[in-house]
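Each remark here refers to the structure printed beneath this line.
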């Protein structure tokens with residue numbers, strides 16, 4: 001699947017738990033860390049096709065990455081479980097959304113055995129990938145409106161606050177929750193409360 005989709009999956013899942021801003025950032029990293037094996041493209045197409053979905057998409061890399069992130073987290077045990085779960089969510093999403101030709105060698109480098117999902121859908125043009133990204137994006141906007149934070153909360157706090165303000169403003173406008181105008185007094189109450197000429201005499 002696309003990297004932005006993985007990032008949003010880590011953000012949305014992290015907001016289901018009581019985590020610190022750093023741990024939420026680490027959750028996004030855990031949800032995308034497997035794709036570090038895609039850097040093989042720097043050395044050419046052959047290296048990319050040989051390493052991608054191999055060096056980073058296996059159990060041992062997931063455990064090591066989760067341990068490393070948990071070591072710098074406040075809630076180490078809980079964070080480790082969340083990071084490792086997000087890593088496996090990445091594998092699950094890739095098994096369906098990376099195309100029918102991509103496989104995962106879960107026990108590499110001990111065992112090079114590829115598992116290929118026969119029900120995988122197309123990477124670029126599938127409605128499933130588009131729908132998944134759309135749902136996660138909508139979830140991210142709901143988190144911004146309700147919790148007052150975005151995935152940028154630690155990276156660029158000022159932009160994070162601006163985005164939250166924009167989302168909340170748009171949500172109020174769309175929901176029609178603007179303050180109602182004060183009620184117009186009736187003619188009877190107006191006439192009874194208005195000063196009369198003989199009251200001043």
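What the table shows:
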{"item": "Candidate set: segment 142-175, residues that are within 15 Å of the chain's Cα centre (by Cα) and not in a helix (DSSP H, G or I); chosen: the one farthest from residue 4 (Cα to Cα)", "result": "148"}
{"item": "Check on residue 97, crowded, with 17+ Cβ neighbours inside 10 Å, modelled with pLDDT under 95 and touching a strand residue (DSSP E or B) at 6+ places or on another chain (Cβ under 9 Å)", "result": "no"}
{"item": "Any pair with Cβ under 7 angstrom, 6 or more apart, that starts in segment 122-136 at a residue that is free of Cβ contacts under 8 Å to residues at least 24 places away in the same chain and ends at one that is surrounded by 13 or more Cβ atoms within 10 Å (Cβ to Cβ)", "result": "122/99"}
{"item": "Segment 69-87, residues that are over 16 Å from residue 16 (Cβ atoms) and either surrounded by fewer than 16 Cβ atoms within 10 Å (Cβ to Cβ) or in contact with a strand residue (DSSP E or B) (Cβ under 6 Å, 6 or more places away or on another chain) (or both)", "result": "71, 72, 74, 76, 77"}
{"item": "Single match in 4, 21 (criterion: surrounded by fewer than 19 Cβ atoms within 10 Å (Cβ to Cβ), at pLDDT 75 or above and closer than 16 Å to residue 89 by Cα)", "result": "4"}
{"item": "Considering residues of segment 111-141 that are more than 15 Å from residue 7 (Cα to Cα) and at pLDDT 90 or above only, the residue surrounded by the most Cβ atoms within 10 Å (Cβ to Cβ)", "result": "128"}
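The values are calculated or read from the model by the stated rules, or taken from the named source; none is laboratory data. Every value quoted in this text rests on a predicted model; they were computed, and no experiment measured them. For neighbour counting, all protein chains shown are included, and Cβ atoms are generated from backbone atoms with ideal geometry for every residue, glycine included.
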